[in-house]
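Since the structure comes first, as structure tokens, the remarks are kept for the end.
The values are calculated or read from the model by the stated rules, or taken from the named source; none is laboratory data. Small disclaimer: the values here were computed from a predicted structure and weren't measured. All Cβ positions, glycine included, derive from the backbone under ideal geometry; neighbour counts span all protein chains shown. SASA here: full protein model, heavy atoms, side chains in, ligands and nucleic acids out. Shrake-Rupley method; radii C 1.70, N 1.55, O 1.52, S 1.80 Å.
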Amino acid sequence: MSNMRKMKTIMAGVVLCVCMLCGCSTYSNMSLTFKVGTGDNIKVTLDTSGGLRLSQTDGGYAVTEGDETVLQAFFVEQAVYRQYMDAAETQEGVVINRQGTENGITFISYSYDGAAGMENNFIIWIDGTATGMVAASLADLETADRAFQSLSFSKE
């Protein structure tokens, strides 16, 4: 076989491999849109490529992995959001894991040893809305944080 023909065969193989790898994207998502008491329409989107699932609950939504509920969340107005923030910032025994503003939300992540066990919770304000959210988890911090990081929010 000539060198030119070998080169063409190798190049065709490389192109085929690249095309196959590009076709193997594992990104998928699920979304729910809620008309909340503040008058906002909030779209909650979950990246499900890691095996997480999103479902509607009474007054909010849940993120599950298999049979386990990883996060359970509900929507709040500004006054209730402020009460949760004040409690997280002042209550004895609360450990602030992280807080910040990213991807259109302002949030605080905290842990607390409650009656049901160690809680890893999130208080969220959706920027540009009149809507906040409280998400609670009894899963370990790494699992709860992975679920939280898989969520995104938008005003519709």
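Between rounded, prolate and oblate, where does the stretch 33-114 land on the alpha carbon gyration tensor, with a ≥ b ≥ c its root eigenvalues, rounded for a/c under 1.5, else prolate if a/b exceeds b/c? Let's see the in-between values first.
Working: a/c = 1.75, a/b = 1.24, b/c = 1.41.
Oblate.
Using only the Cα atoms of the stretch 70-152, build the gyration tensor, take square roots of its eigenvalues as a ≥ b ≥ c, and label the shape rounded, prolate or oblate: rounded if a/c is under 1.5, else prolate if a/b is larger than b/c, else oblate. Don't jump to the answer; show the numbers that get you there.
Working: a/c = 1.72, a/b = 1.24, b/c = 1.39.
It comes out oblate by the Cα gyration axes.
Quick check: residue separation of residue 28 and residue 79 times 0.36 nm, minus the Cα distance between them. What number comes out in nm?
On the way: separation 51, 0.36 × 51 = 18.36 nm, distance 3.49 nm.
That works out to 14.9 nm of additional length.
Tell me, what % of the accessible area of the stretch 111-155 is carbon and sulfur with a 1.4 angstrom probe?
Details: 960 of 1840 Å².
Here it works out to 52 percent.
Counting only other residues whose beta carbon sits under 14 Å from that of residue 155, what net charge do I get with K and R as +1, D and E as -1?
On the way: positive: 35, 43; negative: 40, 127, 156.
Summing Lys and Arg as +1 and Asp and Glu as -1 gives -1.
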